[in-house]
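Student: Quick one: the structure is below, and I'll ask about it shortly.
Every read-out reported here was derived from the displayed coordinates using simple, explicitly stated rules and does not represent laboratory data. Source: prediction; values computed, not measured. Positions of Cβ are generated from backbone atoms using ideal geometry, with glycine treated the same way; all protein chains shown enter the neighbour counts.
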Amino acid sequence: MTNSNAAYNAAIDAANDARDAANAAFDAAEAAYNAAIDAANDAYNAAIDAAIDARNDAAIDARNAANAAANAAKTTHEESTR
């Protein structure tokens, strides 16, 4: 009976070790998955920020060009009425 208990205990220990290894592998895979999700979110947010910046820059450039054109027209008008 002692040998049977020793074999049983060894099997239980081996099963527990396998479970622990599987849990560690799952934890590592989950950490890698979370890191990939975080990196994807960061890249997405950076792309959105870049698009917003480009849109804002284009709008500012268009406004500045319109102001320059209006100022040039105003100057031309003022000079022509002198």
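Student: What are the pairs, 6+ residues apart or on separate chains, where a residue within region 63-80 that is surrounded by 10 or more Cβ atoms within 10 Å (Cβ to Cβ) has its Cβ under 8 Å from a residue that is of a type in the set (S, T, N, Q) and outside any helix (DSSP H, G or I)?
Tutor: none
Student: Do you know which residues across region 1-14 are exposed (fewer than 10 other Cβ atoms within 10 Å of the Cβ) and either part of a helix (DSSP H, G or I) or touching a residue at least 12 places away in the same chain (Cβ under 8 Å) (or both)?
Tutor: Initially, region 1-14 is screened for residues exposed (fewer than 10 other Cβ atoms within 10 Å of the Cβ), giving 1-5.
Result: Thr2, Asn3, Ser4, Asn5.
Student: Looking at Asp27, Asp17 in this structure, which one is within 32 Å of the chain's Cα centre (by Cα) and surrounded by 10 or more Cβ atoms within 10 Å (Cβ to Cβ)?
Tutor: Just one listed residue meets the conditions, Asp27.
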